[in-house]
Structure formats: structure tokens, C-alpha cells
Amino acid sequence: MASRKISLRNKELPQEGRHSHLEKKCKRIIKKSIILHDDLTSLANRRSFNIALLDAMTFAQQNNTCVALFSISIDRFRNINDLFGHKMGDRVLKRIADILRYACDTNCTIARTGNSEFSIIQPIQKGKSETSLSLSEKIISDIKNSTRSPQTPVDVNINIGIAFFPQDAETEENLRRYADIALRMARHEGINCVRVFEKNSEKVLNAKLNIEHDLGLAIRRKQLHLVYQPLVIAKNSEIYGFEALLRWQHLTYGEISPAIFIPIAEESHHIIPIGEWILTETCKAASQWPDHLLVAVNISPVQFRSRSLLTAISNALKETGLQPHRLELEITESCLIRSVDNPLDTITKIREMGVRISIDDFGTGYSSLSHLQSFPFDKIKIDKSFISGIEHNQISRSIVRAVVSIGRMLNLPVVAEGVETEQQHRLLIAEGCPQAQGFLFGHPSKNVIPLSKNISEQKKNLKYMN
Ligand code: C2E
Ligand code: CA
Ligand code: CA
């Protein structure tokens, strides 16, 4: 650029006039391009995206067609930057921009509209919203397939929200807002999810945001408490410990199921202080129990990834004096999949403290037998969906049999979750399943330990605590 400038200046006057005109024009084009494009990815920036969106909506209105607006965000992009550095973060953004360019038709406008956010404007025919769904599926699968490559050896996940013009919104502002609401709904659901805006999406999201807000205050408001469900030896129903399960008594909504509020606590990261509170409370409770009883605590994936987990465990043990071997942490396989840190390292450090680790809900979700080989677990908990089928479903029964026999070979105790009937209990004993849990042996309950000092009496009482 610099040498060209000099040569232009050295020309004769009339020519200089022509060249300086050319130079100005070039500068104008470059300036315009800088104004309209994102530096890093060369995609449209927010400014040109806004113009293109208005144009697309006007065109659709005049031609009786539609516009699909995609809001796309990268899951936990900050982690990628923090763990792998900004250079890798930039590489991931460029890679995603390329994938979007490759997946979209030329009539789409692709923009980088935030630090780790992208938007697509897709003109579509009326009643053809499936075109947008198939595009989003393609994008997700292309990203899954190509980000774990040698160029970007990072696990990248995204979420997508879609809203349609004119069905969902008539103004450009509302269309953007609705695509963002759909994106937030997708994020609440997990990773690599696509959500299309629906009429009640805003209401549902607002309820979630209220819950999220109240959850942040729940400990201080003393609305959280723990209940304990017995874990038993299958053959004689003797209680050897309890699983702690969290309960939230909300002022307006009453008791909210952990299946609903735990994912919200994870998304908002309230799970970190709540998880620390759970660890201390459960260790405190268990330290009052007879020595032969252990306590099992659920650890969510966000908590598992958090750097403060190890400190939280050791603080809870120190504060309450509970012996580490009486504490068992239950993690699901999503902790191993969604973890950017090294999960083996975390598991090893926890076990070095003397605390045990069980693999929960085994057989569902991201199940993989290789996890049993790669990670040193102390126990396998078979998901209750297999136990509920064990009486009538041959496949469920075969899966239970297979898991029990793997446990036996690996020398790992296996717990059957969700045992509700005598018949299920009998079948589990016949399959050689050593441990069990479920309503048959006891519902989760607030006060579980009788005051008797006599251990055999305690055991007797515990068996009849229902
Ligand atoms: P989970 O860890 O698999 O917990 C077992 C769930 O099964 C509990 O539901 C328990 O009440 C229920 N259950 C136990 N026995 C039976 C049975 O015989 N039949 C049936 N149908 N259900 C049975 P709950 O308490 O609603 O918890 C749901 C999930 O929420 C838990 O699944 C766990 O993933 C999560 N959760 C609960 N408490 C905590 C916590 O303190 N921390 C974390 N991170 N997650 C928690
Ligand atoms: Ca559990
Ligand atoms: Ca479970």
C-alpha cells in the first residue's frame, strides 16, 4: 500500500488527479468494507447485518415469502479462551465462520454479531420452515465433525435459536429478540440444541429467569433442604448409607423438582455456592450418623469442572470431621464428556483424598463402556429406566445382567436405582446385583437416623423407617 501511494504522488498533475480520485475511491471501498465487515472472520458485522435484515424483510413482504433469523452462540467460549489462549479462540471463531459459509446458500447473510455470537438471515419460501431446521442440523453436525481436527483440537459446541418473519414477529427488533429468546431456550436445554421460537417461549423463559434469580437467594432465604434416601445391600435390605437429594421450597411455586432447578442452577452457575452448601450440610449430617453409614452426594457437571470443587470437598470434610471414606460423590457421564479440563485428573485428586466416586445413571445419555476402562470409579449405579423394565422387558433385563457382570469383573459394586417392587428386588438378587436403592427400601426423607446408640437396633430401625 505504502509504495503505491508514493508512485501515485510522482505522476503528472492531471494523472495525479485521476489517481488520487482512484485512491480516494479505494480508501472509500476499504473503509466501507471495514465498516461493514468483521475484521477477524470477514463476515458481515452487526451494522451490515441490520441493513441486510431490513432488506430481507422488505423483500419477503413484497414477494409474499419469509425470513428465518438464526441466533447462534458458542457454548462456554470463555473457557476456550481461558484454557487454550486467545489465539485458539480466534482460530475457533474463524473455523466456525468458514463452516457457516460452507453450509449456507449464497442468498443467506452470515454475520458475526457478538464476541462468540453469529447470526444468519435465510430467505425461505412460505411454509418451508423445515429448510431452516435442516440448515441448523447441518451446521451443528459440521461443527461437531470438524472442530476436533488437528487445526482446532478443541471440543466446540453451539446452540441455535430461530425465529420467522412474518409469522413470529413483524418488526425487525422483535424478530431479533425472538431469535435470541429461542437461543436462550436452546441453551437452557444443553448443548448443540436448536429451538424455534414459540408463542409461549417468552413466558417460559421469564419463568426460568425468575427461578434463576430466586435460586441465587434460596440459600440465604433458607428455602433449600436435603432429604436422604437409603442405599441398601440387595440380599438383606440392610442400609449401608444414604443418597442426599436436594429440595427447594419456593415461596410462589411450592416445591420445585431438582430435575427442573438443577439445570437452571448449572446454567446460572448458582450451582457452585449451592453445591458447596450441599457438601457441608451432608457431611455435617453424616458426621452425626453411626460410623458404618456413608453419604452419597450428587455433583453436577458444572460443579465437577469448577476449580473450587477440590477445596470445597476438603473444607467440608475438615469442617465437619467426617472421615473421607464415608463420603461418596455421584457423577454422571456428562461430566466426562462436557469437560474441557482433564476429568481423570479431578477424579484422581478426589480419590487421593480418600473420597469415593460412583458413576450415576449408568446406561443413559453419553454412556460408553470405555469410560469404565478410562476412569477409576468405585461404583456403578444402573439407571432406574432399566430397573422399571426388568420385569417385562427382556432387553432391560439383559442390560442389567451385562452391567452387573461387568461390575463383577471390574470388582466394582453395582447399585440398581429406582427399585419399587418386590418382584424387581427378587430379580435383581437373582441377577447377582449386590446393592439397591428405591422407594421399596425407603423414600427420600428429612430425618433418617434414629437416636438409638445401639448399632444393631439402629439397623433394625433403619429398615423400618418408611
Ligand atoms: P438421581 O441422582 O438419579 O437421583 C435419584 C432420583 O430418583 C431422585 O429424584 C429420587 O427421588 C428418585 N427415585 C429414587 N427412588 C425411586 C424409585 O423407586 N422410583 C422412582 N420413580 N424414582 C426414584 P429427585 O430427588 O427428584 O432428583 C432428580 C435428579 O436431580 C437426581 O437424579 C439428580 O440428578 C438431581 N439432583 C438431586 N439432588 C441433587 C443435588 O443435591 N445435587 C445435584 N447436582 N443434583 C441433584
Ligand atoms: Ca444420584
Ligand atoms: Ca441416578
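The values are calculated or read from the model by the stated rules, or taken from the named source; none is laboratory data. Predicted model only: the values in this text are computed from it and were never measured. As a convention, Cβ positions derive from the backbone with ideal geometry for all residues, glycine included, and neighbour counts pool all protein chains shown.
Starting from the stretch 434-449, take each residue that is in contact (Cβ under 8 Å) with a residue 60 or more places away in the chain and list its partners that are small (Gly, Ala, Ser) and within 16 Å of ligand 3 (Cβ to nearest atom), counting only C-beta distances under 7 angstrom and pairs at least six apart or across chains. Note: pairs meeting the criteria are ALA436/ALA416. Can you work out which of the residues in the stretch 340-358 that are surrounded by fewer than 14 Cβ atoms within 10 Å (Cβ to Cβ) and modelled with pLDDT under 95 is nearest to ASP378 (Cα to Cα)? If we take residues in the stretch 340-358 being surrounded by fewer than 14 Cβ atoms within 10 Å (Cβ to Cβ) and modelled with pLDDT under 95, then LEU344 is nearest to ASP378 (Cα to Cα). For first residues located in the stretch 71-93 and under 26 Å from ILE181 (Cβ atoms), partners that are charged (D, E, K, R) and lie 6+ apart or on another chain with Cβ distances below 6 Å form the pairs SER71/ASP180; SER73/GLU117.
For the stretch 394-446, filtering for residues that are in contact with a Gly (Cβ under 7 Å, 6 or more places away or on another chain), away from ligand 1 (no atom under 15 Å from the Cβ) and assigned to a loop (DSSP other than H, G, I, E, B) leaves 1. Among the conditions (1) under 23 Å from the mean Cα position of the chain (by Cα); (2) more than 13 Å from ligand 1 (Cβ to nearest atom), LEU251 misses just one, which is (1).
Put simply, of SER405, SER385, SER374, SER368 the only residue that is surrounded by fewer than 18 Cβ atoms within 10 Å (Cβ to Cβ), within 16 Å of ligand 3 (Cβ to nearest atom) and of a type in the set (S, T, N, Q) is SER385. Of all residues in the stretch 151-180, those satisfying the criterion of being of a type in the set (Val, Ile, Thr), in contact (Cβ under 8 Å) with a residue 12 or more places away in the chain and either assigned to a strand (DSSP E or B) or under 23 Å from THR65 (Cβ atoms) (or both) are ILE158, ILE160, ILE162. For the stretch 77-112, a residue qualifies if it is surrounded by 19 or more Cβ atoms within 10 Å (Cβ to Cβ) and not in a helix (DSSP H, G or I), and the qualifying residues are CYS108, THR109, ILE110, ALA111, ARG112. Return the residue satisfying two criteria in turn: it lies in the stretch 212-247 and is out of contact with any strand residue (DSSP E or B) (no Cβ under 7 Å at 6 or more places or on another chain) and of a type in the set (Gly, Ala, Ser), and of such residues it is farthest from ligand 1 (Cβ to nearest atom). Selected residue: GLY216.
Test LEU69 against the stated conditions and say whether it is loosely packed, with under 15 Cβ neighbours inside 10 Å, at pLDDT 95 or above, assigned by TED's automatic domain parsing to the domain that holds CYS108 and not in a loop (DSSP other than H, G, I, E, B). Here the answer is no, as LEU69 does not meet what is asked.
Residues that are surrounded by fewer than 17 Cβ atoms within 10 Å (Cβ to Cβ), touching a residue at least 12 places away in the same chain (Cβ under 8 Å) and of a type outside the set (Asp, Glu) do not occur anywhere in the stretch 297-307.
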